[in-house]
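For reference, the structure is listed below as structure tokens.
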Amino acid sequence: MKKTLFLLLFIQLSVSAGVVFEIETKDHKNDNPTTAHAYADGRNLKMEIQADQKGKEGELIFRGDELVIVDHDKKSYMVFDKEAMKSLSGQVSQATSMMEDALKNVPAEQRAMVEKMMKERMPKTKPQKSTRSVKNTGVRKKINGYPCVRHDAFNKGKKTRELWVTDWDNVDGGGDAREAFEGLAKFFKQMMDSIGEMTGGQSPIGDNPFAEMDELGGFPVLTRGFGENGELEDESTLKSSKRQRLDPSEFEPPSGYKRRSMFSGN
């Protein structure tokens with residue numbers, strides 16, 4: 001009996017209480033909506049990535065100080081952490097140092113020309129001034145039972161997103177999940193800044209989908225994304241959330257998946 005009680009207690013301690021979110025996404029190029037889930041527990045957050053046009057599926061797993069990107073198609077995963085960020089910055093610094101050393105051996109009359117040519121081929125490491133902004137419109141509306149306020153997000157003067165935001169406390173488990181979502185937003189920004197240093201400000205992974213999360217002060221129940229010409233491209237809607245005990249393995253890559261290096265192409 002004591003062994004049984006101990007085993008039950010161990011299981012309860014190893015499976016913590018978390019929150020599961022159900023989110024429906026509509027791609028307006030495709031009439032069929034898809035449903036994905038997000039799992040939050042403390043600083044940990046896992047978000048399912050539904051199949052794209054090529055049928056690829058994956059997951060983003062955030063663990064407070066690192067992001068794990070899971071590719072189900074290749075049965076592999078990559079880990080992006082602070083060391084990876086330092087490595088990218090170090091590669092830029094090393095390349096700059098090599099350029100300076102090389103110029104020491106170039107005659108003065110040719111140095112300006114060579115320097116110009118090399119700089120044109122080097123990533124632009126000067127920080128780019130952000131052109132993003134978020135405006136609270138004050139417009140209120142109930143969506144799926146949640147009282148929301150509309151926020152408009154802009155980039156370079158163009159409206160890119162429309163976010164209907166509700167207070168964290170209006171969402172079941174929202175207060176518990178807030179740290180994980182806002183932590184992911186900040187980490188993702190740092191990650192994209194590091195990649196931008198390496199690529200001259202051009203990110204190979206596109207726009208930051210969490211750019212406004214830490215500015216909103218609430219959970220976006222409905223998010224609409226707009227294209228270059230202002231056309232509605234996609235929208236995501238929170239369908240439900242519920243508290244649920246989550247096993248720590250939820251925030252690990254699937255067993256048997258191979259770890260590969262960032263940007264290795266392998």
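Read the figures in this text as sums done on the coordinates, not as results from a lab. Owing to the predicted nature of the structure, the values given are computational and were not obtained by experimental measurement. Reconstructed Cβ throughout: ideal geometry from the backbone, glycine too, with neighbour counts over all protein chains shown.
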FRET efficiency, HIS28 to ILE143 (Cβ-Cβ, R0 22 Å, nearest 0.05): 0.75
Over 20 Å between alpha carbons, listed pairs LYS156/LYS239; LYS82/LYS189; LYS46/LYS75: LYS156/LYS239
